[in-house]
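Read the structure below first, then the notes.
The values are calculated or read from the model by the stated rules, or taken from the named source; none is laboratory data. Because the structure is a prediction, the values reported are computed rather than measured. Every residue, glycine as well, gets a Cβ built from its backbone with ideal geometry; the counts of neighbours run over all protein chains shown. Ligands, DNA and RNA are excluded from the accessible area calculation, which covers all protein heavy atoms including side chains. Shrake-Rupley method; radii C 1.70, N 1.55, O 1.52, S 1.80 Å.
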Amino acid sequence: GDSVTQMEGPVTLSEEAFLTINCTYTATGYPSLFWYVQYPGEGLQLLLKATKADDKGSNKGFEATYRKETTSFHLEKGSVQVSDSAVYFCALTGNTGKLIFGQGTTLQVKP
Amino acid sequence: EPEVTQTPSHQVTQMGQEVILRCVPISNHLYFYWYRQILGQKVEFLVSFYNNEISEKSEIFDDQFSVERPDGSNFTLKIRSTKLEDSAMYFCASSLGQKDSPLHFGNGTRLTVT
């Protein structure tokens with residue numbers, strides 16, 4: 001069945017460092033891809049999405065490109081801030097609309 | 001911006017008791033979902049609901065679980081006889097449509113079964 005695999009965490013970075021969180025997927029058909037973020041004590045918030053191959057989703061300085069050839073949707077940010085500390089979830093939806101999540105990657109940004 | 005609201009934020013119950021978790025989805029959304037997240041683990045799909053019926057459910061969603069949309073605004077998850085392993089964060093979500101429409105999540109209900 002459809003699945004999402006993310007890099008293991010936690011990821012610890014200094015402020016202003018470059019961030020990459022790897023995400024790969026397995027799916028039949030043409031899924032839509034998402035990154036969700038969960039700040040401490042809060043629910044899941046949509047960060048960005050891409051609905052077809054080569055689309056780039058971007059929001060709040062984060063971006064990810066839908067790569068069909070490598071079945072990947074890696075999350076990047078050029079300069080992280082302490083406020084970016086959170087858990088990041090890569091996810092996909094197939095034709096049913098059900099969202100399938102990766103295991104989440106914890107990001108800690110230190111001043 | 002409209003949001004999904006869940007109550008209560010934290011529920012403590014004894015094993016074997018029934019619990020009802022409540023959600024108010026975004027008003028013009030048509031699809032409703034429940035997910036759960038056991039502490040330290042991934043977010044797992046439980047059930048999706050559309051047009052007043054279950055459209056898909058996972059193997060986790062056994063006969064102990066049920067969902068209902070009792071009126072035009074609420075969406076509830078009932079666990080009939082809770083087990084210790086039901087302790088988790090339960091998230092409600094809603095969306096406008098399938099596939100390309102992002103899910104909007106509530107802040108979750110932390111269920112603790114003792």
Output the relative contact order of chain A, whole-number percent, from Cα pairs under 8 angstrom with separation of 6+ residues.
37 percent
Starting from the 7 Å offset along Cα-to-Cβ, what nm value, one decimal, do you get for the label separation of B:Asn74 and B:Gln41?
2.9 nm
State the percentage of accessible surface on the range A:61-111 attributable to carbon and sulfur atoms; use a 1.4 Å probe and exclude ligands, DNA and RNA.
48 percent
From the Cα centre of the range B:28-63 to that of the range A:19-96, the distance in Å is 21 Å
Compactness relative to 2.2 N^0.38 Å, alpha carbon Rg of chain A:
1.01
Value of Rg to Rh for the protein assembly as shown (Rh from inverse mean 1/r over Cα pairs, i.e. Kirkwood)
0.97
Along the Cα→Cβ direction, 7 angstrom out, place labels at B:Asp63 and B:Thr114. What is the inter-label distance in nm?
3.0 nm
In Å², what does the accessible area per residue of the range A:27-84 work out to with a 1.4 Å probe?
47 Å²
Chains A and B, summed buried accessible surface - 1.4 Å probe, Å², nearest 100:
1700 Å²
Of all GluC sites (Glu not before Pro) in the range B:1-97, the ones in DSSP coil with at most 15 other Cβ atoms within 10 Å are B:Glu3, B:Glu18, B:Glu59
Over the range B:1-97, one equal point on each Cα, no solvent: what is log10 I(q)/I(0) by the Debye formula at q = 0.13, 0.19 Å⁻¹?
-0.42, -0.92
Under Karplus coefficients 6.51, -1.76 and 1.60, residue-wise ³J(HN,Hα) of the range A:83-92 in Hz, glycine/proline x:
5, 7, 4, 4, 9, 10, 10, 8, 8, 9
For chain B, with every protein chain kept in place, what is the accessible area per residue (1.4 Å probe, Å²)?
51 Å²
Name the lysines eligible as straight-distance cross-link partners of B:Lys78: C-alpha to C-alpha under 25 Å, and not fewer than 8 places from it in the same chain.
A:Lys98, B:Lys42, B:Lys57
Ignoring ligands, DNA and RNA, please state the percent of accessible area on the range B:25-114 from carbon and sulfur, probe 1.4 Å.
45 percent
Say each of A:Ala53 and B:Ser27 gets a label point 7 Å from the Cα, pointing the same way as Cα to Cβ; how far apart are those two points in nm?
4.3 nm
What are the aspartates and glutamates whose alpha-carbon lies under 19 Å from the alpha-carbon of A:Lys68, with same-chain residues fewer than 8 places away excluded?
A:Asp2, A:Asp54, A:Asp55, A:Glu76, B:Asp100
For A:Lys77, go through the lysines and keep the ones whose alpha-carbon is under 19 Å away, minus same-chain ones fewer than eight residues off.
A:Lys49, A:Lys56, A:Lys60, A:Lys110
Chain B: relative contact order as a whole-number percent, Cα under 8 Å and 6+ apart
39 percent
